[in-house]
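The values are calculated or read from the model by the stated rules, or taken from the named source; none is laboratory data. Quantities reported herein were computed from a predicted structural model and do not represent experimental measurements. All Cβ positions, glycine included, derive from the backbone under ideal geometry; neighbour counts span all protein chains shown.
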């Protein structure tokens, strides 16, 4: 039987709660937004009825948006005032090595090399997903606030700006859903190495063996270098 010593903490409880609030709000926003976008389909109409009708759907959508914005604000404040979260952010910064790792990962997936890139605390895929989530959140927040207070903004901007914001908000949401939900869902749940799911988002821990396999440079930093 494995002991706690055989596991490594990847995410603290506040980080796990932040992650749960983030993906929960994004899922609710996606469902309530996409049902409006494709409201003529039978599935969308079923979801709208499930959501309590068009008007109540809008309230759910806005509530999820508030949760998303508060969660992201908390994360930004944590980066500024928490040493651990600041270190987390530093490790998420994209470096030249990540571009080399990305190229090597593509060659590995295409069968052009047998050498898998050596990742540190976070892989290039995890970094891309982190920054993609950040960019999409900022863009969705800006366009969403404009649409939320549409009457107020129409006093400042011409109507074509509002119409364009409608299109951009819908496009951003669709792309964000495909990139973050579908791709992230595969990595966390459907990847053969972790199927049926990685429990790190629940427990905050991964085994030392998994750390050595998926993040060998981090394993070396934590264990091999510490033993010298």
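Worth a mention:
- The selection criterion, being exposed (fewer than 14 other Cβ atoms within 10 Å of the Cβ) and in contact (Cβ under 8 Å) with a residue 40 or more places away in the chain, holds for residue 84.
- Among residues of segment 184-217 being over 19 Å from residue 138 (Cβ atoms) and within 13 Å of the chain's Cα centre (by Cα), the one that is surrounded by the most Cβ atoms within 10 Å (Cβ to Cβ) is 188.
- For segment 193-212, the set of residues classified as over 14 Å from residue 223 (Cα atoms) and in a strand (DSSP E or B) consists of 205, 206, listed by residue number.
- So residue 196, is it free of Cβ contacts under 8 Å to residues at least 12 places away in the same chain and either over 15 Å from residue 116 (Cβ atoms) or in contact with a strand residue (DSSP E or B) (Cβ under 6 Å, 6 or more places away or on another chain) (or both): yes
- Applying the condition of being modelled with pLDDT under 90 and in contact with a helix residue (DSSP H, G or I) (Cβ under 7 Å, 6 or more places away or on another chain) to segment 57-72 and asking which residue is nearest to residue 133 (Cα to Cα) yields 61.
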